[in-house]
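Beneath this line is the structure, given in structure tokens, with notes to follow.
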Amino acid sequence: MAFEWLFLISIAAGFVGAMSGMGGGVVLIPALTLLGMNIKQAIAISIVSVIATSSGSASAYVRDRITNLKVGMFLEIFTILGAIAGAAITLASGQSVLFIAFGAVLLGSWLALFLQRKEQWRPVARQDAVSRWLELEGAYYDQPAGKTIVYRGARAYVGGPLMFGAGLIAGLLGIGAGALKVLIHDLVMGLPPKVSTTTSNLIIGVTALAGTSVYLAAGMIDPGLVAPVMLGILLGAYLGTKLLVRLSNMAVRQIFLVVLLVLGIEMLVRGVRGAL
Amino acid sequence: MNGPAEDLTVRDARAKEAMMEGFIGYVLLAGVAVSAVLVIVGLAWHWVRTGHLGADYTIPRMNLFEFIVADVRQVVSGPFRPRLLISLGIAALMLTPYVRVLASMIFFALVERNWKYSLFTGFVLAVLTYSLFLR
């Protein structure tokens, strides 16, 4: 595939990914397969660039002191095991299975975003013994609210195993699976939204590395393809975050919901057609 | 409620945490920046040399450490070529989260002396190391 095309598609994917908070892979992989690339190859290339985007944004969040390093470290235990298993499954499975899985995950994310209510974060009232033993607590300075918010995490014994699933999907499909991780942080562990997203960013980098090393060992990381994709996604993500400040959240979400739905159905249809 | 002594310990812990977070933030930033610069320079050099933007080459089946050893061997022995810079850029990218975890473990073990989190981080590091040596 031509270098220029790879680069342009990656900029677009990084851009949309940053604005929606879903990461570039969700758009990149369907686009690459539409241009005729083998889906396994697209997954392997995508997961390398996930390391770049997540590390880039995590560096800013960690220095802003919003990310919770302990929550991140604890949950990484589960996501890396999931990612290695997921990548190994991808190497062994057929193309149409991957198309169907990708479509299903896209539609699942669509449903999760669609159903998401604008609920206010409520602090965890009573922390369970496991989460207390794990020291899952923290505080960060909230700029808009103008005060320090103190929080505690709960139900780590459910959140941890669920993160294995999030890591599995990340390794399997070459995406960050950030939406899934945020959902687990928010709904299961009761972390404030800002802490959820920034900590998920930190976890994604390590998870993607575990997946990448499986694909590298299988000889599927092609530097000639990785180079333009990685640079394009980084550039697109940078532009996306710059523009994000100006666009209203509602508009971004509406656009993204349509994109997710179309791509999800398209991938499912191609998977089912391939299987028949 | 808090005596002055307790206040000092809390403040000390906070300061240590801030130090660690600052350090980890810069490790991540430096890793991505070094990697991007290596890849950009490699591609630009390739373009000047051949007139083609795309560098078309694959790497044989090897794990990250073999990949790095092969790169370093080329740096030492052979002519310096654009594709080598691109390979080094990708290796730098892959090492970024790895170094981040390594730095966290050193911090938890030596500065915070938190055995629980030293253990967790050590486990993550061990699994990552294993995955980087996969065949």
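No lab work stands behind these numbers, since they all come straight from the coordinates. As the structure is a prediction and not an experimental result, all values here were calculated from the model. We place every Cβ from the backbone using ideal geometry, glycine too, and count neighbours over all the protein chains shown.
Would you mind ranking A:35, A:115, A:235 by Cβ crowding within 10 Å, fewest neighbours first?
A:115, A:35, A:235
Using label points projected 7 Å from each Cα along Cα→Cβ, tell me how many nm separate residue A:257 and residue A:111, to one decimal.
In this crude spin-label approximation the distance works out to 1.6 nm.
Amide H of residue B:62: which non-local residues (sequence gap of 5 or more, or other chain) have their own amide H closer than 5 Å, using H built in the peptide plane?
The answer is A:219.
If you average the alpha carbon positions of the stretch B:113-135 and of the stretch B:11-37, how far apart do those two centres end up, in angstrom?
19
For residue A:143 and residue B:14, FRET efficiency with R0 = 22 Å and r from the beta-carbon atoms, rounded to 0.05?
Efficiency, from the Cβ-Cβ distance: 0.70.
Hey, can you grab everything whose amide H is under 5 Å from the amide H of residue A:137? Only 5+ residues off in sequence or another chain; H modelled, so Pro and N-termini drop out.
A:153
Determine the distance separating the Cα centre of the stretch A:130-148 from the Cα centre of the stretch A:1-16; give it in Å without decimals.
Cα centres, the stretch A:130-148 to the stretch A:1-16: 38 Å.
With an 8 Å Cα cut-off and a minimum separation of 6 or more residues, compute the relative contact order for chain A in percent. Walk me through the intermediate numbers first.
Numbers: 470 pairs, mean separation 109.4, N = 276.
That works out to 40 percent.
How far is it, in nm, from the label point at residue A:93 to the one at residue A:150 when both lie 7 Å from their Cα along the line to the Cβ?
Those two pseudo-labels are separated by 4.6 nm.
Pull out the extension gain between residue B:53 and residue B:99, defined as 0.36 nm times the separation in residues minus the alpha carbon to alpha carbon distance; nm, one decimal.
The residue B:53-residue B:99 span can extend by a further 13.4 nm.
Could you give the dipole magnitude of the protein assembly as shown about its Cα centre, charging the beta-carbon of Lys and Arg +1 and that of Asp and Glu -1, in debye to the nearest 20? Could you put the intermediate results ahead of the total?
Working: 31 positive and 20 negative charges, 59 e Å.
Using only the charged Cβ atoms, the result is roughly 280 debye.
At most 10 other Cβ atoms within 10 Å and a DSSP loop assignment: could you name the trypsin sites (Lys or Arg not before Pro) in the stretch B:27-127 that fit? Please list the in-between numbers first.
Values: sites: B:49, B:61, B:73, B:83, B:100, B:113, B:116; in loops: B:61, B:113.
Answer by residue number: B:113.
If the convex hull of the alpha-carbon atoms of chain A is projected onto planes in all directions, what is the mean projected area in square nanometres?
Numbers: hull surface 55.5 nm².
For the Cα atoms of chain A, the hull's average projected area reads 13.9 nm².
Going by C-beta contacts inside 10 Å, put B:88, A:209, A:260 in order with the fewest on the left.
On the way: B:88 22, A:209 30, A:260 25.
Ascending number of Cβ neighbours within 10 Å: B:88, A:260, A:209.
Determine the alpha carbon to alpha carbon distance for each of A:147/B:16; A:70/B:116; A:70/A:181 and list only those over 18 Å. Write out the running numbers ahead of the final one.
Details: A:147/B:16 22 Å; A:70/B:116 10 Å; A:70/A:181 15 Å.
The pairs that break the limit, which is 18 Å between Cα atoms, are A:147/B:16.
Over chain B, what per residue volume does the convex hull of the Cα atoms give, in whole Å³?
Looking at chain B, the number lands at 126 Å³ per residue.
So what are the stretch A:119-213's ellipsoid semi-axes, whole angstrom, largest first, if each one is the square root of 5 times an eigenvalue of the alpha-carbon gyration tensor?
Each semi-axis is the square root of five times an eigenvalue, giving 25, 16, 11 Å.
Report the semi-axes of the equivalent ellipsoid for the stretch A:128-276 in whole Å, largest first, where each axis is √(5λ) for an eigenvalue λ of the Cα gyration tensor.
They are 30, 22, 18 Å, listed from largest to smallest.
With contacts defined as alpha carbon pairs under 8 Å and 6 or more residues apart, what's the relative contact order of the stretch B:4-132 in percent?
Relative contact order for the stretch B:4-132 comes out at 31 percent.
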